[in-house]
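*Asks:* If you scroll down you'll find the structure; I have some questions about it.
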Amino acid sequence: PVAGLLARVAATGQASLEVLDADPCLGDRAALAVPVLAGGEVLAVLAAVRPAGQPFGVDELRVATELAPLVASALHAAAALETVRTQATRDALTGLPNRRSLDLDLRAEVELHTGRTTAVVMVDVDHFKKFNDREGHAAGDAALQAVARVLAAAVRDQDGAYRYGGEEFCLLVRQVTEAEVR
């Protein structure tokens, strides 16, 4: 079966050409499977199937083998892009979405105005500078992380907690009435 073929190619890192008999999913099919490698590890398997009467040949295997590094490069680029996106929208210290993410979410709230109120709640940690100077930056970082955990746990799934900057945080409380905000 195809699943067995893909698992074998992933486990061994060796390409394969096969004609499958009565595969539970595909019936009788010709299959080609090539490992997509990066750093000696299999990231994925590039596979193609077609009717059993048209088996794949060595030329098609060669083309697929030449495509595999391009697929690996594309997967690597996609992972790098996701890392950059995360770094651009998440605060590294607290793990909360950052001000850039807040700006994007506020813009989306305005564009999707539902007729219900979205509350914007600013939170400032009083006397943080004095605490940070007295206790040290490691203690200050731990305090900010603790505040972030408390705020993230306090909001509903549709709401958001953000690190605004320094010792400032922001909460978006969505779909509430003005009375609920007060």
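*Asks:* Please give the number of the condition Ala108 fails out of (1) of a type in the set (Gly, Ala, Ser); (2) more than 21 Å from Ala88 (Cβ to Cβ); (3) at pLDDT below 95.
*Replies:* (2)
*Asks:* May I ask you to verify whether Leu61 is assigned to a helix (DSSP H, G or I), surrounded by 12 or more Cβ atoms within 10 Å (Cβ to Cβ) and under 30 Å from the mean Cα position of the chain (by Cα)?
*Replies:* No; evaluated as a whole, the condition is false for this residue.
*Asks:* Regarding Asp21, is this residue modelled with pLDDT under 95, over 30 Å from Arg174 (Cα atoms), in contact with a Leu (Cβ under 9 Å, 6 or more places away or on another chain) and not in a helix (DSSP H, G or I)?
*Replies:* Criteria not met by Asp21.
*Asks:* Another question, then. Among (1) part of a loop (DSSP other than H, G, I, E, B); (2) buried (at least 17 other Cβ atoms within 10 Å of the Cβ); (3) basic (Lys, Arg), there is one condition Arg174 misses while meeting the rest; what is its number?
*Replies:* The number of the failed condition is (1).
*Asks:* For region 141-155, check the following and say yes or no: at least one residue is open to solvent by 80 Å² or more (accessible area, probe 1.4 Å), closer than 19 Å to Arg116 by Cα and outside any helix (DSSP H, G or I).
*Replies:* Looking through region 141-155, none of the residues is open to solvent by 80 Å² or more (accessible area, probe 1.4 Å), closer than 19 Å to Arg116 by Cα and outside any helix (DSSP H, G or I).
*Asks:* Now a separate question. I'd like the residue in region 106-140 that is part of a helix (DSSP H, G or I) and of a type in the set (D, E, K, R) and, out of all such residues, is surrounded by the fewest Cβ atoms within 10 Å (Cβ to Cβ).
*Replies:* Step by step, filter region 106-140, then rank; the result is Glu111.
*Asks:* Scan region 75-92 for residues that are surrounded by 13 or more Cβ atoms within 10 Å (Cβ to Cβ) and in a helix (DSSP H, G or I) and jot them down.
*Replies:* Once the filter is applied, which keeps residues that are surrounded by 13 or more Cβ atoms within 10 Å (Cβ to Cβ) and in a helix (DSSP H, G or I), region 75-92 yields Leu75, His76, Thr89.
*Asks:* Quick check on this structure: which one of Val49, Val19 is in contact with a Lys or Arg (Cβ under 8 Å, 6 or more places away or on another chain) and surrounded by fewer than 16 Cβ atoms within 10 Å (Cβ to Cβ)?
*Replies:* Val19
*Asks:* Going by the structure shown, is Gln158 open to solvent by 40 Å² or more (accessible area, probe 1.4 Å), among the polar types (S, T, N, Q) and in contact (Cβ under 8 Å) with a residue 24 or more places away in the chain?
*Replies:* So Gln158 does not fit the description; no.
*Asks:* Here is a further query. What residue, among those in region 22-46 that are out of contact with any Lys or Arg (no Cβ under 7 Å at 6 or more places or on another chain) and acidic (Asp, Glu), is nearest to Arg8 (Cα to Cα)?
*Replies:* Glu41
The values are calculated or read from the model by the stated rules, or taken from the named source; none is laboratory data. These figures come from a predicted structure and were not determined experimentally. Note that we place each Cβ from the backbone using ideal geometry, even for glycine, and neighbour counts take in every protein chain shown. Remember, those area values only see protein heavy atoms, side chains included, never the ligands or the DNA or RNA. Shrake-Rupley method; radii C 1.70, N 1.55, O 1.52, S 1.80 Å.
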